[in-house]
1. Rounded to the nearest 5, what % of the DSSP beta bridges within segment A:208-369 are antiparallel ones?
2. Quick check on segment A:319-391: take the gyration tensor over C-alpha atoms, sort the square-rooted eigenvalues as a ≥ b ≥ c, and tell me if it's rounded (a/c under 1.5), prolate or oblate.
3. Taking the Cα centre as origin and putting +1 on Lys and Arg beta-carbons and -1 on Asp and Glu beta-carbons, what dipole magnitude results for segment B:128-277, to the nearest 20 debye?
4. Among A:339, A:61, A:261, which residue has its Cα furthest toward the positive end of the charge dipole of chain A, with +1 on Lys/Arg Cβ and -1 on Asp/Glu Cβ?
5. What does the extension gain come out to for residue B:137 and residue B:183, with contour length at 0.36 nm per residue minus their alpha carbon separation?
6. Spin-label point model (7 Å from Cα, Cβ direction): what's the residue A:372 to residue A:260 distance in nm?
7. Debye calculation, C-alpha points only, no solvent: report log10 I(q)/I(0) for the protein assembly as shown at q = 0.08 Å⁻¹, in the same order as the q values.
8. For segment A:208-369, with the dipole built from +1 on Lys and Arg beta-carbon atoms and -1 on Asp and Glu ones, taken about the Cα centre, which of A:307, A:224, A:295 lies farthest toward the positive end?
Amino acid sequence: MKVAFVVQRYGLEINGGAELHCRWVAEHMQKYVQTEVLTTRAFDYITWKNHYPQSEEVINGIPVKRFSVDRSRNPERFGQIQSFILENEHREEDEMRWLEEEGPLSSSLIEYIKEHQADYDYFIFFSYRYFHSYWGISAVPHKSILVPTAEHDPVVHLRIFKDLFRKPQAFIYNSVEERKMINSLSRNETILGDVVGVGTEVPSSYSGERFRRKRGLTGDYIIYVGRIDENKGCHKLFEYFLKFKKETGLAVKLLLVGSTILKIPSHVDILHPGFLSEEDKFDAIDGALLLMMPSFYESLSMVTLEAWAMKKPVLANATCEVLKGQCLRSNGGLFYENYEEFKEALNLLLSSEELRQALGENGLKYYNENYTWEIIENKYLKILNELEGRK
Amino acid sequence: MEKENKEEINKDDSIKIDYEKIDVADIMDQIKKKIAKKRTEAPAEQAPSESPVPFSPPPFPPEPEMEPQALGLKGKIKKILLKIMKPFAPAQKLLALPVHQELMETVRKLHQTNQRLEYLNARMDYELRKLSENIGIGEKRLDLVNDTLNTRLDYVSKTTHERIDEVGEKTHLRIDEVNDTVNARLDYVSKTTHERIDEVSEKTHLRIDDVNEKANIRYDRALEYIKLLHNLSHNLVVELSKLRIEEENLKLKARIIEKDFEFLSRKEKALEKEFFK
């Protein structure tokens, strides 16, 4: 069986989101099926500018075919179109124009899928909202499987996606909440699907002490890992954390790990060592009291799973239904909707080591029961086998 | 946790956690309830504190002393009688002591009861006054909340109406705009459709005329053919009738010739017979 993984970007340098999700799944599935990756030459997710050479290469044993992006994205124009369609009565043509602007606009990738569909048994598309998924699935609906990685953001309600969600042969969801949302939007319950998610790679050894020594860090800290961005709720995290510090006077610090596109407030207890290596990242999580997850929109949150895999509790934004649902299902973290809840929950977590430990253990149990690679691989294989059985 | 200098860490006993079986939903419920409780308590704390009125019961009254009776005619007689009876006073006291003591005790108790009643009365007045003040404060607070709510409701109502009007106006404008666009589009479609129908109709008529003309020619030709065929059939019938008559004649002639031939055969045999005799 030959399976193509179709994703907007692909590379070892891309270390988060659906792209990393796709790479990990593809690398784990190559044990069972012949895998190939079809992607674009883009690296920058804002402009989709061609970055990689147009050639075939092999990354961690998987052949990767890259196709040119016809036109880079103009963020300003995209913003205008998006505002228009989200705030005004509009036609389907406008949504198609939005999709073109959303990109990455690679007609050669779609042409390739159309022309070479006979060479593959299945195409697994990642991220519903991009050009490649919409037109790729439309070209080969009978062979397509969609991993939507959908969040509860307004674009999921666009009309074009209602139809798109009825086309694939199967769905691989990241969470129960994502499945419910897509089912209720498009009434596609009859299409084969399962809540799978993604596993994570936690190194066999990590040390918070090593990180403290290396960075000269003293005292307790809580950690945020991910893009430091308004979309990830970081502005609220800063606001709440500073207010919390002012009101309680606790000596806890906030450590931020990840690239930033948001101005970080200048405060002695907000630390930003910049982008860390994988080893340092896991060491930093190990040294933290808990993981902060302030994001409003998440379809799964891989870093939350990593924290649970390391027995760390989580304090998450309850506005994001997926994070709240994951905390409730795992009993591995608390959540907040406003500052009062943030203060109470954080205060409770900081004051009780026993609670942190109990939540961390629950998190690890939940991770082991649902997100080990063996479980993820088996769920993918089950879906592929079920589709094969229908032929 | 390290401590700087402000609040104590919230070692909160109000949140009960079963560490053996953590239930996040339950913890979050407790947190929400705690916050709600704090919110409701906060306004009460902000209310002006009322000065507590120190109130204690009056000291227990000393044993009442018998006040000297006012002197009048009665008093004077009483005084004289007392003087006369003074020598018998010890005997009198001896006789009347238990009754006197009991009487005095009753008087003292009655006095105490009176004082206690007065104290309770005063206490009740104070409590009633306090209750009335509290009711007044409560009413004022209710009025304040009511005013605030009314103001807020008025504001919300006003802004909602404004927004509804605004949205309504925008919607009407948009509907008009869409209506105009749809009408323009319908006019255009109608016009182009009529033009196309006319064009197709004209072409169809021309084609029908052409076909009609050709059909007429073919029809005339066919009529001619039919006439010719009719004549031919008629002639054939006549010819066939003639041939039939001729056939009958020939058959008759053949029978005559046959008879002649039989006669001649018999004649020949008779002649041969005669000849060879």
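1. 0 percent
2. The shape class here is oblate.
3. Roughly 1280 debye, rounded to the nearest 20.
4. A:61
5. Taking 0.36 nm per residue and subtracting the Cα distance, the gain is 9.9 nm.
6. About 3.9 nm, to one decimal.
7. Normalising to I(0) and taking log10 leaves -0.84.
8. Toward the positive end, the furthest listed residue is A:224.
Each reported figure results from applying straightforward, stated rules to the coordinates on display, with no laboratory input. No experiment lies behind these values; they were computed from the predicted model shown. Note that each Cβ is placed from the backbone with ideal geometry, even for glycine, and that neighbours are counted across all protein chains shown.
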